[in-house]
Each structure stands twice: as structure tokens, then as C-alpha cells.
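Below is one structure, written out as C-alpha cells, with a few remarks after it.
The values are calculated or read from the model by the stated rules, or taken from the named source; none is laboratory data. What you see is a predicted model, and the numbers here were worked out from it, not measured in a lab. We place every Cβ from the backbone using ideal geometry, glycine too, and count neighbours over all the protein chains shown.
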Amino acid sequence: MSKVLQIAGLNKSYNGRKVVDNISLDVEKGDIVGLIGPNGAGKSTTMKMIMNLISKDSGEIVIGEGTNFVEKIGFATESSAFYEYLSGYDNLMLIAKLYDNVSEEKVREIVDFVGLSEHIGKKVKSYSTGMRQRLGLGRALLNDPELLILDEPTNGLDPYGMKDIYEMLEKLARVDNVAILISSHLLHDIEKICNKVVMIDAGKILFSGDISELGEGLEDSYYSMYRRQA
């Protein structure tokens, strides 16, 4: 399988405090990689550096075979911002215009995929948390990304909403061969759909590899991180 994301020796400090400490990881096509750790572990900072939203102190980030990350990445967070008084459809069309060759038909296909067909004409201010998560995922798919980066994609969702998101992500990875990197502090997210896991605490990687390698030790390792924080 070909690598979509390669990170080597990534570092970031704020005010003399190291928040990302020599992180290295690879994500291949069709992977669903879980980046898991407690709040403040360095997960979101790592993702922001991948997206070039903040600068890195040192290290290397290679996306696909080129350097133009905008054309290769889709990104969604738990608190994605929208134009509240526009419809979900108008929000998607505004972003679609930033890309070449994203037709109205393509937008409609994405709306169907994320399960928003019945609500896409409503103003976003009326959307539930789950509907916003779906809209954020739809927006992230507009540019046919090779790499999809999701920061806490199931936060605030009920079990049914979580199940729907899991099924969408599994289809993207297994059928469309999209590489997916998920940041989460929820063990359930990682156990449910990820084939690989990167455990991070205090900016350092504690484990990186196939989730099957941890087996029953995954839960023990997860709770050990939180005990160290307490």
C-alpha cells in the first residue's frame, strides 16, 4: 500500500514547553489510524501542523507525492464553523466554488452520502450536533481527498449518530481507499473502526502500530495514560 502521509521527527513548543516531541508516523491508503490520548496530549497540535495551520519547529511532513496539501486533504473538527443563516446546501456550494470541477451533482451526491438530504435546505443554525458533524464531513469530502483528517468526529453524538459516522468512514476507507486519521480521546472510537493506533501522551508517542498488536492491552494502556494525568 502506498503512503499518503509521512511524518518524521515532528516537534513543536509553546513558551518553552514541548507539546509535540519527536513524533513520527505513516498513514497508507485505506488506513483508518486513531491518534488517541488525553486532552493536552498534543493530538490537535499535530493535526494543525499537518494542515499547515500552525508552523512546526522541526521535522518533516510529506503528503502524497507532492507538496500541495490543499488538494489532497479533507479536514473536519468537532466545532467546524459554518454560515449559520445559510442553508447546509449553500454552505457546501460556497466551499465547492474554491475547487475546480466540483459540480452541483457532486455536491448532491455528497449530501446523500452523509445522510443530510432531508435537511440540506434548512439553515445551519437549526442543525443538531449530529447534523453539523455530517455537514462538516461532507464539506471535507468536496475535494476528493486522499487523506481525511478528523478531530474528535463523534463528540457530542448519541450512539445512533456515532454508528452512522463509523459506517461512513469505513466505506470511505474500504471502498474508496481514502486514508483517514482520527484524533480522539474516546477509546470506543478507536476500537470500533481503526486498524492502526498511535497512543500519545505529553507530546510523545507511547505506541504506534496495528491495533491487533495491543489486543487486550489496549484498554490497560489507555487508562494508564489517564492515571498518569490524575
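Among the residues making up the stretch 133-163, those that are of a type in the set (D, E, K, R) and surrounded by fewer than 18 Cβ atoms within 10 Å (Cβ to Cβ) are Asp144, Asp158, Lys163. Where strands (runs of 3 or more DSSP E) sit wholly within the stretch 4-101, those with at least 1 residues that are of a type in the set (S, T, N, Q) occupy 17-28, 58-63, 73-77. What about Gly121, is it within 28 Å of Leu86 (Cβ to Cβ), at pLDDT below 90 and outside any helix (DSSP H, G or I)? No; evaluated as a whole, the condition is false for this residue. Counting only residues that are at pLDDT 90 or above, within 20 Å of Ala81 (Cα to Cα) and part of a helix (DSSP H, G or I), the stretch 139-173 holds 2 of them. Here's a check for you: in the stretch 41-64, which residue that is more than 18 Å from Met199 (Cβ to Cβ) and among the small types (Gly, Ala, Ser) is surrounded by the fewest Cβ atoms within 10 Å (Cβ to Cβ)? So the residue we want is Ser55. Within the span defined as the stretch 74-82, one or more residues are charged (D, E, K, R), in contact (Cβ under 8 Å) with a residue 40 or more places away in the chain and surrounded by 12 or more Cβ atoms within 10 Å (Cβ to Cβ). Under the condition of being within 21 Å of Glu152 (Cβ to Cβ) and either surrounded by 15 or more Cβ atoms within 10 Å (Cβ to Cβ) or of a type in the set (Val, Ile, Thr) (or both), the residues counted in the stretch 5-40 number 17. Looking only at residues that are outside any strand (DSSP E or B), of a type in the set (Val, Ile, Thr) and touching a residue at least 60 places away in the same chain (Cβ under 8 Å) in the stretch 174-211, which one is surrounded by the most Cβ atoms within 10 Å (Cβ to Cβ)? This residue is Ile190. Within the stretch 83-107, restricting attention to residues that are among the charged types (D, E, K, R) and surrounded by 13 or more Cβ atoms within 10 Å (Cβ to Cβ), the residue that is nearest to the chain's Cα centre (by Cα) is Lys106.
Among the residues of the stretch 152-166, those identified as among the aliphatic types (A, V, I, L, M) and closer than 14 Å to Leu135 by Cα are Leu157, Ile165.
Taking the criterion of being more than 18 Å from Glu118 (Cβ to Cβ), acidic (Asp, Glu) and without any contact (Cβ under 8 Å) to a residue 40 or more places away in the chain, the only residue of the stretch 83-101 that qualifies is Asp100. Among the residues of the stretch 191-230, those that are at pLDDT below 85, among the aliphatic types (A, V, I, L, M) and over 22 Å from Met168 (Cα atoms) comprise Leu214, Leu218, Met225, Ala230. The set of residues in the stretch 144-159 that are touching a residue at least 12 places away in the same chain (Cβ under 8 Å) and not β-branched (Val, Ile, Thr) comprises Pro145, Glu146, Leu147, Leu148, Leu150, Asp151, Glu152, Pro153, Asn155, Gly156, Leu157, Asp158.
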